[in-house]
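For reference, the structure is listed below as structure tokens.
The values are calculated or read from the model by the stated rules, or taken from the named source; none is laboratory data. Quick caveat: nothing in here was measured; it's all calculated off a predicted structure. A quick note on method: Cβ atoms are made from the backbone with ideal geometry, for glycine too, and the neighbour counts reach across all protein chains shown.
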């Protein structure tokens with residue numbers, strides 16, 4: 001569901017530039033940044049580039065993706 005939000009003009013401009021380069025909408029770019037940021041905060045031990053790559057890969061073909069299960073939970 002789309003929701004209007006206010007963002008800084010500079011952030012919008014940067015998102016527009018990245019969106020053009022990545023062939024996606026500005027909203028998709030901002031959503032990607034938000035997802036990477038949230039996942040990064042939830043998993044500070046993972047490199048940001050790794051988190052981004054996982055999210056992008058899942059977007060490209062979600063049928064090939066499987067949920068990550070930490071080794072600690074597998075052993076328990």
Collect the residues in the range 17-26 that are surrounded by 12 or more Cβ atoms within 10 Å (Cβ to Cβ) and either in contact (Cβ under 8 Å) with a residue 12 or more places away in the chain or in a loop (DSSP other than H, G, I, E, B) (or both), keeping them in residue-number order. 24, 25, 26
For a quick check of your reading of the model, give me the residue pairs whose first member lies in the range 58-76 and is under 21 Å from residue 42 (Cα atoms), whose second is at pLDDT below 75 and surrounded by 10 or more Cβ atoms within 10 Å (Cβ to Cβ), with beta-carbon atoms closer than 9 Å and at least 6 apart or on different chains. 58/65
When residues of the range 33-48 are filtered for being surrounded by fewer than 10 Cβ atoms within 10 Å (Cβ to Cβ) and either closer than 21 Å to residue 14 by Cβ or under 9 Å from the mean Cα position of the chain (by Cα) (or both), how many remain? 1
